[in-house]
1. In region 145-158, is there at least one residue being closer than 22 Å to W57 by Cβ and among the β-branched types (V, I, T)?
2. Please specify each residue of region 1-29 satisfying the condition of being modelled with pLDDT under 80, more than 16 Å from the chain's Cα centre (by Cα), aliphatic (A, V, I, L, M) and closer than 20 Å to A81 by Cβ.
3. So which residues in region 63-87 are within 17 Å of the chain's Cα centre (by Cα), open to solvent by 10 Å² or more (accessible area, probe 1.4 Å) and farther than 22 Å from P21 by Cα, if there are any at all?
4. Restricting to region 138-152, and then to whatever is at pLDDT 95 or above and more than 14 Å from A51 (Cβ to Cβ), can you tell me which residue is most open to solvent (accessible area, probe 1.4 Å)?
5. Considering only region 123-137, state which residues are assigned to a helix (DSSP H, G or I), of a type outside the set (A, V, I, L, M, F, W, C) and open to solvent by 30 Å² or more (accessible area, probe 1.4 Å).
6. Looking at (1) assigned to a strand (DSSP E or B); (2) open to solvent by less than 30 Å² (accessible area, probe 1.4 Å), can you tell me which one R212 breaks?
Amino acid sequence: MDDDVQALVAEQVAHYRARAPDYDNDIAGLHPDWSQAIDKLPIAGDVLELACGSGHWTRLLAARARSVTAIDAAPEMLALARQRVGNLPVAFIQADVFAWQPPRRYDTVFFAFWLTHVPPPRFAAFWSMVGVALAPDGRVCFLDDSSRERAGERFVPDQATPAVWRRLRDGSEHRVVKAYYSPAELAARLAELGWSAEICETSTPLLVGTARRTGDPGSHA
């Protein structure tokens, strides 16, 4: 099973590496509420951004954080992100998010449009790594596609790990992981792993969430 998941993750990385030259043009039409959604999240202190992509969110995080450490597996995406943030206090790391181990703790861990790309068999291990990276009383903040987007996807048939087709401008296609969650489903899954999460769905549609480890001050569990 893990060999199949690893092959799918490798294909996902290959897609974003190949898509990098066109990526910013592809997302130029992002709904304005998506960027504004980050304004309502409690971004503070030293921030770890996982799967930073071309730096769209990195720049917004750096405007509010003391520092940002941004990680992505695709060097082409990191090159775009470095150009975008300029002289803002951001350190970039090229690494496989599923293999990387945080050398320190952060006040905020952030990821946008990434959680639905995490294979369900790796969901628990991913959140375990997030827990290691998070400082006591720290907060996880995230944005992602709503499950209402599921209807417009082309799912890969006979795929144990949910995956969809993504087409590049040259007509080539890659499989990428796409595991959708409703707010209730995601909150329940996180509760099983020891997280207290508050997740809402906007009208755009978009999932916006925060999470704390159960037992931390301010958690509701």
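The values are calculated or read from the model by the stated rules, or taken from the named source; none is laboratory data. As the structure is a computational prediction, the values presented were derived from the model and not from experiment. Heads up, the Cβs are rebuilt from the backbone with ideal geometry, glycines too, and the neighbour counts pull from every protein chain shown. SASA here: full protein model, heavy atoms, side chains in, ligands and nucleic acids out. Shrake-Rupley method; radii C 1.70, N 1.55, O 1.52, S 1.80 Å.
1. First, the residues of region 145-158 that are closer than 22 Å to W57 by Cβ: 145-149.
In the following step, the residues that additionally are among the β-branched types (V, I, T) were identified as none.
No: region 145-158 contains no residue that is closer than 22 Å to W57 by Cβ and among the β-branched types (V, I, T).
2. Of all residues in region 1-29, those modelled with pLDDT under 80 come to 1-3, 24-29.
When the remaining residues are screened for being more than 16 Å from the chain's Cα centre (by Cα), the result is 1-3, 24-26, 28-29.
After this cut, where a residue has to be aliphatic (A, V, I, L, M) as well, the list is 1, 28.
Once the filter is applied, which keeps residues that are modelled with pLDDT under 80, more than 16 Å from the chain's Cα centre (by Cα), aliphatic (A, V, I, L, M) and closer than 20 Å to A81 by Cβ, region 1-29 yields only A28.
3. Across region 63-87, the qualifying residue is only T69.
4. Among those residues, the one meeting the criterion is R139.
5. Looking only at region 123-137, we keep the residues that are assigned to a helix (DSSP H, G or I), and these are 123-133.
The next check asks that each one be of a type outside the set (A, V, I, L, M, F, W, C); those that pass are 128, 131.
Once the filter is applied, which keeps residues that are assigned to a helix (DSSP H, G or I), of a type outside the set (A, V, I, L, M, F, W, C) and open to solvent by 30 Å² or more (accessible area, probe 1.4 Å), region 123-137 yields only S128.
6. Exception for R212: condition (2).
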